[in-house]
Every structure is written in structure tokens, then in C-alpha cells.
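Asker: Quick one: the structure is below, questions incoming.
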Amino acid sequence: MFSNPTILELNEKFRPVWALASSGSLLDWDLEVNMPEAASTSRGVTMSQLTLLRQKHFSELYPLLEKAERITDLNDYENGLVRVLQRSRKYFTKIPPSLLEEEQRTSVEATVVWRQARSKSDFKLFKPYFEKVVALKIQIAEKLGFEKHPYNALLDLGEEGITVDDLDLTFSRLIPGLKKILRKVMAESRFPPNHPLEDVKYDVESMDRVNRKVIELLEMPKDRFRMDVSTHPFTSNTSRDDVRITTRYEGVDFRNTMYSTIHESGHAIYELQIDEAMDYTQLANGASMGFHESQSRFWENIIGRSREFAILIRPALKENLSFVSPYDEEELYKYFNLVRPGLIRVDADELTYNFHIALRYELEKKLIGGKLAVSELPSIWNDMMDEYFGIRPKNDAEGVLQDIHWTASFGYFPSYSLGNVISGMIWNKMRKDLNLAELTLKGEFGPIKEWLYDKIHHWGSTYAPKDLSRRSLGEGYNPDYLLEYLEQKFSG
Ligand code: MG
């Protein structure tokens, strides 16, 4: 994979940077899973100091990177490595250390305040921190530089090369297509809006056994993977051999925790299947946030919400959750696929999910473009929910305060819709090679994982996401396949 001497030297010098990033990711995991609340300030200092150290060590790579940039006969992996290192160099050299440090510190503080604000359902508590985060993000966009729109600079951080123009085009095709399918599905009654199982309380220990069964079915490697509990489920990779997910237990409506578990497992499978030869290098990451979300959404929706998966998982559900017994596979399938425009993004069904993202995309674009003040956000949020779904949040917790993202990141939300779009492209391509229904019914996920390894996972971030899409999926981001999949599933 790597043979050029300059590249080998570059990878060797990169190790301390990798070690610092790996430590940071473990501390991030700890912050969500274990850390006592009062430690937020000191943890903020630790994290920001680690970031500064990482920046310092990274800057020691520059002479070698410049040397590597002049080499003309690098292979694809080596060129990819130079590309991703250039991206980090741009980030670290254009953003002054003081701004980076302030951003880190603010986001840790904001996370704690967001948690309090959400539990009290009071946006006013979070507002000053949110204003600070937005102001810092605008400064960062200005430092990074951009064409046309400052939001492009932030989008590029998570989704290399994607722009407001790309996303405007994607959503302009996706949203009307979804509206059409949604209208049709709601007029029929095959996918009902409610189910009695939604109100049934479960015992957390019993549900934990179901989730453990789910990760066993997905063949998550016991010695390289673990699952814990946090408020907002996430995946963390400390190294390729230490990939962790979290799930959440709300005590009612067991779909939510089960699909969180499958979703995060999808992210984890990606990390676990990156080529071993990329260990400790900058290539050992997913191609982009969108590609990452395509993996989680593929497992959660295309596999996990299929009729065959309902059949596969029913015995484990019956065994651990006695209240499931009266419901047959068809009933479970309906319960897993209720179609109901609702207020909460993470609980949204496949048909309404992207409306939540379109809303957040429009708001982020306006906030970063200076076209919207933070104080106007709750009321504009509520108006947009009304416009899309005809429902209004009763309070901030079920409106503008529901997501943790705005404590730290802008430009991440669109990746969820891109992820859905890419998962549709994967479905379209994979069904020509594999019988997804049959494999899911048997719980044989090996061939699916191999397919994903071959087309996407093992490359790490060798190719820029738009290039990987063209190379492995045959074209650039195209929402038509997602619409075709949804049309076939929900009204075919
Ligand atoms: Mg995710």
C-alpha cells in the first residue's frame, strides 16, 4: 500500500498525531458515558490542550508533506494520504490556535448547558452559548476561506467538496419526491401511524439482552468492539481494534433503542473494516460523514427495517420481551415502519426523516450566512415544522433543543440526508450482486459486509467522497435510487 520512502517517513512522523487524536476520542467517549458533570471545565481544558498538541506535532510534518507533494509517481493510496494531510494542514494553518482552543472549550461548556436547557426545555439558557458557537463557526469559515457561501467552508470539513449548490440541488429533488410518496402512503393504510407497542414499557435489562442479540446477529467482533449507554447514541473509534458504540434506554417503545443499536453498529462496521495497512495513518477514517451515515442508515433501514429482519429478530424479542408474543411478524414489521410525521428527528421514519434534515440545513445555511439571528430560531423552527408536517412543538425540548449537534458542529446535518441518498445508491447496486432479502432472513450478513468492504470500507479515505461515489457506485450523489427504494417499499 505504502512504498514511497517519503510517504513511509511521513506515516512514521504522523504517529504522535494519531496517538493524540486516539486519546481525544477516548476522552470524548468518556465525557458522554462516564464523566461526572462537574468535570466539564477541566475536561474542556484537557481536550483543548490535546488539540493544541496535535496541531504542534502536525506542523512538524509540513517539510515532508511539501516534499511528498512534489513526487509525481505516487500510487492511489499515497496520493490519498497526501490529499487528506493537505486538508488537515489547511485546517491547522488557517485557523489560529487561540480560535481552535476557544472552539473546543466552548463546545464542551455548551454541551453541559445544552443538557440542562433541554431537561428544563428552556432555549434561553442555551442561547448565549449557541450565539458564541455560531460566531466562532463564522470566524472559522472566514479563516478557512470559501467560494460563494461561508457555509461551504464548514460543509467541506465533514463532506469534502460538497457545496450549498450541491445540497440545494439534492434537496430540491428529494423533498418533492418524498412529499409525493408520503401523501400516497398516508392516504392508504398499509403503514399505520400508530401501534400499541409504542406505549409498552420495557425492562432495561431485558432490552439490553435484545440489543446484545442484535450485535451478535450482526457478528460484531467481541474482542474489538463494545456497547455502552449514553443520552445521545454515537460511535467512537480509538483504534481499528477498539470501536465502541452507545445506545440509549428510554424505557418505552423498544424500537428506538433497537434501531439506535443497529444504526451505530453500521458506523462501527465501517471503522472495523478499514484496511489494516492504514493503521495509525490519516487514511484510517471513513471517506466522509455522508459515507459514514450511509453505512448506519443502510443497516438501520434497508436491512433493519425490512420484513425479513422482523422475522429474524422476532424469536429474540419473544424470548426477552414477553409483551411482544401476541404480535406476529407482519404486526412487528408495521410497528417497525410506522409512518407518522413527528417532531423528533431521531424517532422519524424513513419517509419523513429527510424533512428534518432539510429544515436544519436551511437554518444552518441562514445562521452562518448571517441571514438569521439565534434569538429568532425557536419560532422559525416551529413555523417550518408546521409548514412541513402541520404540527408545532409544544416546547423547546421537542423543537430547537432536541439535538446535541449545535453545541459543536455546523455542516454535519446534511450528511444524514447524503447518507440516506448514498444508502439508496448502495441498495441499487448491491441488489444486482446479492439477494438481500434471503441473506437477511437467514441472518447471513457476511456477504453484505464483504460487499461493503470491497466497494467502500477498505479504502478508508483514499478517495474523496465524490470520487469514491463515482468509482464504487458508478455516479455522483443521486437521490433517485433512495426514492425508488422508498416507493417500492412503502407503496409498491
Ligand atoms: Mg449516525
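Asker: So what are the ³J(HN,Hα) numbers for the range 49-55, from phi and the Karplus equation (6.51, -1.76, 1.60; θ = phi - 60°), rounded to whole Hz, Gly and Pro as x?
Answerer: Result, rounded to whole Hz: 5, 4, 4, 5, 4, 4, 4.
Asker: Could you check the simple spin-label distance between E319 and V346, using points 7 Å along Cα→Cβ, in nm with one decimal?
Answerer: 2.8 nm
Asker: Using R₀ = 45 Å, calculate the FRET efficiency as 1/(1 + (r/R₀)^6) where r is the Cβ-Cβ separation of Q488 and A373; round to 0.05.
Answerer: On the way: r = 43 Å, r/R0 = 0.96.
The computed FRET efficiency comes out at 0.55.
Asker: Let me ask something additional. Please give me, ordered by residue number, the trypsin sites (Lys or Arg not before Pro) of the range 167-228 that lie in loop per DSSP and have at most 10 other Cβ atoms within 10 Å.
Answerer: R190, K222
Asker: Filter the cross-link list K318/K449; K318/K442; K201/K318; K213/K489 down to pairs whose alpha-carbon distance in this structure exceeds 22 Å.
Answerer: Long pairs (Cα-Cα over 22 Å): K318/K449; K213/K489.
Asker: Moving to a separate point now. Give, in nm to one decimal, the length gained when the segment between R392 and K184 is fully stretched (0.36 nm per residue of separation minus the Cα-Cα distance).
Answerer: Roughly 72.6 nm would be gained on extension.
Asker: Still on this structure, please answer the following. Can you find, among T41, I311, N237, the residue farthest towards the positive end of the dipole of the chain? Put +1 on the C-beta of Lys and Arg, -1 on that of Asp and Glu.
Answerer: Looking along the dipole axis, the top candidate is T41.
Asker: Tell me what the chain gives for mean residue ellipticity at 222 nm when only DSSP H runs of n ≥ 4 count, each as -39,500 (n - 2.57), the sum divided by the residue total, rounded to 500 deg cm²/dmol.
Answerer: Calculated at 222 nm, the ellipticity per residue is -20500 deg cm²/dmol.
Asker: Provide, for the range 5-145, the number of lysine pairs with alpha carbons under 23 Å apart, each pair being eight or more places apart or on different chains.
Answerer: Taking the range 5-145 as the scope, the lysine pair count is 21.
Asker: While we're on this one: Starting from the Cα of R471, move 7 Å in the Cα-to-Cβ direction to define the label point; list residues of the range 271-298 whose amide nitrogen is under 15 Å from there.
Answerer: Output list for this probe position: 274-275, 278, 283-288, 291.
Asker: Please sort 442-452, 392-402 by packing, taking for each peptide the average over its residues of neighbouring beta carbons within 10 angstrom, highest first.
Answerer: Result, highest mean Cβ count within 10 Å first: 392-402, 442-452.
Asker: Between H149 and L441, what is 0.36 nm times their sequence separation minus the Cα-Cα distance? Round to one decimal in nm.
Answerer: Working: separation 292, 0.36 × 292 = 105.12 nm, distance 4.70 nm.
Going from the current span to full extension adds 100.4 nm.
Asker: In a shell of Cβ-Cβ distance under 13 Å around G390, excluding G390 itself, what net charge do Lys and Arg (+1) and Asp and Glu (-1) give?
Answerer: +1
Asker: How high is the relative contact order of the chain, in percent, with contacts defined as C-alpha pairs under 8 Å that are six or more residues apart? Before the final figure, lay out each step's value.
Answerer: Numbers: 685 pairs, mean separation 101.7, N = 492.
The normalised contact order for the chain reaches 21 percent.
Asker: Can you tell me the relative contact order of the range 5-145? Whole percent, Cα pairs under 8 Å, sequence separation 6 or more. Write out the running numbers ahead of the final one.
Answerer: On the way: 92 pairs, mean separation 40.9, N = 141.
It comes to 29 percent, rounded to a whole number.
Asker: Would you calculate the separation in nanometres between label points at T41 and D73, each defined as 7 Å from the Cα along the Cα-to-beta-carbon direction?
Answerer: 6.0 nm
Asker: Once you sort the root eigenvalues of the Cα gyration tensor of the range 164-491 as a ≥ b ≥ c, which label holds: rounded (a/c under 1.5), prolate (a/b larger than b/c) or oblate (the other case)?
Answerer: rounded
Asker: Along Cα→Cβ, 7 Å out, is where each label goes; now give me the distance between the ones at S119 and K56 in nm to one decimal.
Answerer: 3.7 nm
Each reported figure results from applying straightforward, stated rules to the coordinates on display, with no laboratory input. Just so it is clear, the model here is predicted, and its values are computed rather than measured. No Cβ is skipped: glycine too gets one built from the backbone with ideal geometry, and neighbour counts run over all protein chains shown.
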